[in-house]
């Protein structure tokens, strides 16, 4: 049997919203350590890797390792029925072909239970090599979302140039071109508003802005986003999921033909 | 002309 309870069910709903544009169905690997998921988009240029550690759940029980094929589209629809302060329990009974989502209101006056049929999905776990990135930009996730949305108006690609002083996002297309430059914060009251850059080497990389905008669907999970970059290496875009884990998106850069 | 490569090229999955 598998059972995991989250006092703040809305966190799980945000995780699903963060994934479901990039991947519509995926295999959840459940073990004693927690839940992990790894999936590529249909064109194989982007990958998402999710980790939710067992100690982040209010209660967690996993008697044996399980691979659960789940439609994220359907799960998202079911989670829309959850109240914003509801507690969420995810359960898979032994020998069952369904996952049960139970929602309980904070005043414990309302209980809802939904079953979603599990799917038989092909899955293979691909290893992502440990990378010592040349540059890590940390910035407010709302700011990153706004920049990606704005850059998409100008073109299909966004070039991210990072130096020790700042990071510049630029796009050009048929309608014109533009860029936004953020300087490294020197003095901020709140850490979550800061832009900080750890840099060994300056980088300039170009990405399909459409994917960056899909990654930004996970921005409500975290005040800050980490963008880790090296020349000729996929971008790693990371949102923390509270203290319990993270969503990491990987995206191959665009290169000159 | 910019082209989009697959992740497999970078991560030696081929």
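Can you pull a Stokes-Einstein diffusion coefficient for segment A:89-232 at 20 °C (1.002 mPa s), Rh from Kirkwood over Cα pairs, as a whole number of µm²/s? After rounding, the answer is 116 µm²/s.
Within the listed set A:47, A:205, A:126, the Gaussian network model of chain A (springs between alpha-carbon atoms below 10 Å) gives the highest mean-square fluctuation for A:126. Pairwise Cα distances in segment A:213-257 exceed 15 Å for 44 percent of all pairs.
Can you compute the label reach from residue A:142? Point 7 Å from Cα along the Cβ direction, backbone N cut-off under 20 Å, restricted to segment A:165-194. Within reach of a label on residue A:142: A:180-194. Taking Cα atoms only, the orientation of helix A:141-154 departs from the longest principal axis of chain A by about 60 degrees. Residues of segment A:136-153 falling in the label zone of residue A:193, defined by backbone nitrogen less than 16 Å from a point 7 Å along Cα to beta-carbon, are A:139-144. The GNM of chain A, with springs linking C-alpha atoms under 10 angstrom apart, assigns the highest mean-square fluctuation among A:38, A:224, A:106 to A:106.
Taking chain A as a Gaussian network of alpha-carbon nodes connected by springs under 10 Å, the highest mean-square fluctuation of the residues A:21, A:124, A:115 belongs to A:124. One equal scatterer on each Cα of segment A:44-152, no solvent, Debye formula: the resulting log10 I(q)/I(0) at q = 0.12, 0.15, 0.17, 0.21 Å⁻¹ is -0.69, -0.99, -1.14, -1.29. Segment A:7-31 and segment A:161-202 have Cα centres spaced 29 Å apart.
Normalised by the number of residues in segment A:109-192, the average gap of Cα pairs under 8 Å and 6 or more apart makes the relative contact order 19 percent.
Looking at the P(r) of chain A, how many percent of alpha-carbon pairs lie beyond 32 Å?
On the way: 9009 of 32896 pairs.
Pairs farther apart than 32 Å: 27 percent.
Between the helical axis of A:9-19 and the longest alpha-carbon principal axis of chain A there is an angle of about 50 degrees.
Each Cα pair under 8 Å and six or more residues apart adds its separation to the average, and for chain A the resulting relative contact order is 21 percent.
Read-outs: derived from the displayed coordinates by stated rules, not from any lab. Note that the structure is predicted; figures quoted are calculated from it, not measured. For neighbour counting, all protein chains shown are included, and Cβ atoms are generated from backbone atoms with ideal geometry for every residue, glycine included.
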